[in-house]
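Below is one structure. I have some questions about it.
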Amino acid sequence: MSYFKIGCCIPGGSFMPEGVKEVDTSAYGVLKNGYNAVMQAGFDFAEATVGLIMQLADDEVKRAADEGLSFKVFNSFIPPSLAIATTPLAELESYVDKAMGRMKALDAEGVVFGSGGARRDAGEKVYDFIRMCNIVAGRYGLYVALEPLNKSETNLLHTVKEGFDICKKLDLPNLKLLADAYHMFREDEPSTILSDVVKYLTHVHVSDGDRGYPGRDGGNYLRDFSAELKKAGYTGRVSAECGWSDFIKESVLVCEFMKEVF
């Protein structure tokens, strides 16, 4: 019995479900097969990229909703082609509104704002972007979770403490915070910080080693990380966000590990 709701990010590319000789490599096929694999592995919820659902035709979004595909959280929010530093805010808002409409149709509660390429060099413009997202998210009943990324992936917002400070500064009703164990490890940010930021913390990503699947390398760091989450009083969702060699087989192992540890 796990303490948190345990989820998994579906792979960004196609993969071969067991017993299937030919696989649908379309965006819809990846979305549906990924969702089914995550749920069959035993996870509580599935997480997908915004880019994947933005590739769907309108009738495919409706079809996915009608078939009960449910993604509580989305990530990879803004593509690098829509750089926040140079793209007009109205154009960004148009994209965000369409994306959030699709997320809501697929049962989402929120979206993760990592998007290291899109936010690079954004400077003060990122605050205008966040404020706009907060307004649009309010229309759809969603939250936006800031994701700190290590310095190799972006030059803006690297630590959970920085993310907390932004949430506190802007004080927006739909703005939340994500903690990613991998990025915290890369930035030498101790997991004890979780108790200080739990007021805004709403989602967590985990992996093992250098983005390996949780438990692959023993998971000792993640055991300590989980203990700090519980000590902080966190009650949100935890997703595996990592690389895979064999998603179908490894996701089952990950689910067992995460339900034991988290």
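The values are calculated or read from the model by the stated rules, or taken from the named source; none is laboratory data. A quick note: this is a predicted structure, and the numbers were derived from the prediction, not measured. In this analysis, Cβ positions are derived from the backbone assuming ideal geometry, glycine residues included, and neighbour counts consider all displayed protein chains. Just so you know, the surface numbers come from the protein's heavy atoms only, side chains and all, with ligands and any DNA or RNA stripped out. Shrake-Rupley method; radii C 1.70, N 1.55, O 1.52, S 1.80 Å.
Residue by residue, here is whether (1) among the β-branched types (Val, Ile, Thr); (2) in contact (Cβ under 8 Å) with a residue 60 or more places away in the chain; (3) more than 21 Å from residue 11 (Cα to Cα); (4) part of a loop (DSSP other than H, G, I, E, B) holds:
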| residue | (1), (2), (3), (4) |
| --- | --- |
| 53 | yes, no, no, no |
| 81 | no, no, yes, yes |
| 85 | no, no, yes, yes |
| 108 | no, no, no, yes |
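Suppose the filter is open to solvent by 40 Å² or more (accessible area, probe 1.4 Å), of a type in the set (A, V, I, L, M) and either at pLDDT 95 or above or assigned to a helix (DSSP H, G or I) (or both); does residue 252 pass it?
Considered against the rule, which asks whether it is open to solvent by 40 Å² or more (accessible area, probe 1.4 Å), of a type in the set (A, V, I, L, M) and either at pLDDT 95 or above or assigned to a helix (DSSP H, G or I) (or both), residue 252 comes out as yes.
Among the numbered conditions (1) open to solvent by 10 Å² or more (accessible area, probe 1.4 Å); (2) assigned to a helix (DSSP H, G or I); (3) touching a residue at least 60 places away in the same chain (Cβ under 8 Å), tell me where residue 176 comes up short.
(2)
Report, by residue number, each residue of segment 146-173 that is in contact with a Gly (Cβ under 6 Å, 6 or more places away or on another chain) and open to solvent by 40 Å² or more (accessible area, probe 1.4 Å).
153
Checking the structure you have, find out if any residue of segment 187-196 is crowded, with 22+ Cβ neighbours inside 10 Å and either touching a Pro at 6+ places or on another chain (Cβ under 9 Å) or closer than 18 Å to residue 150 by Cα (or both). Steps first, please.
Step one: list which residues in segment 187-196 are crowded, with 22+ Cβ neighbours inside 10 Å, which gives 194.
Subset that is either touching a Pro at 6+ places or on another chain (Cβ under 9 Å) or closer than 18 Å to residue 150 by Cα (or both): 194.
Looking for residues that are crowded, with 22+ Cβ neighbours inside 10 Å and either touching a Pro at 6+ places or on another chain (Cβ under 9 Å) or closer than 18 Å to residue 150 by Cα (or both), one finds at least one in segment 187-196, hence yes.
What single numbered condition from (1) within 16 Å of the chain's Cα centre (by Cα); (2) open to solvent by 10 Å² or more (accessible area, probe 1.4 Å) fails to hold for residue 106?
Every condition holds for residue 106 apart from (2).
In segment 83-98, is there at least one residue being crowded, with 17+ Cβ neighbours inside 10 Å, at pLDDT 95 or above and under 30 Å from residue 188 (Cβ atoms)?
yes
Sticking with this structure for a sec: Taking segment 114-138, which residues are free of Cβ contacts under 8 Å to residues at least 40 places away in the same chain, open to solvent by 40 Å² or more (accessible area, probe 1.4 Å) and touching a helix residue (DSSP H, G or I) at 6+ places or on another chain (Cβ under 8 Å)?
128
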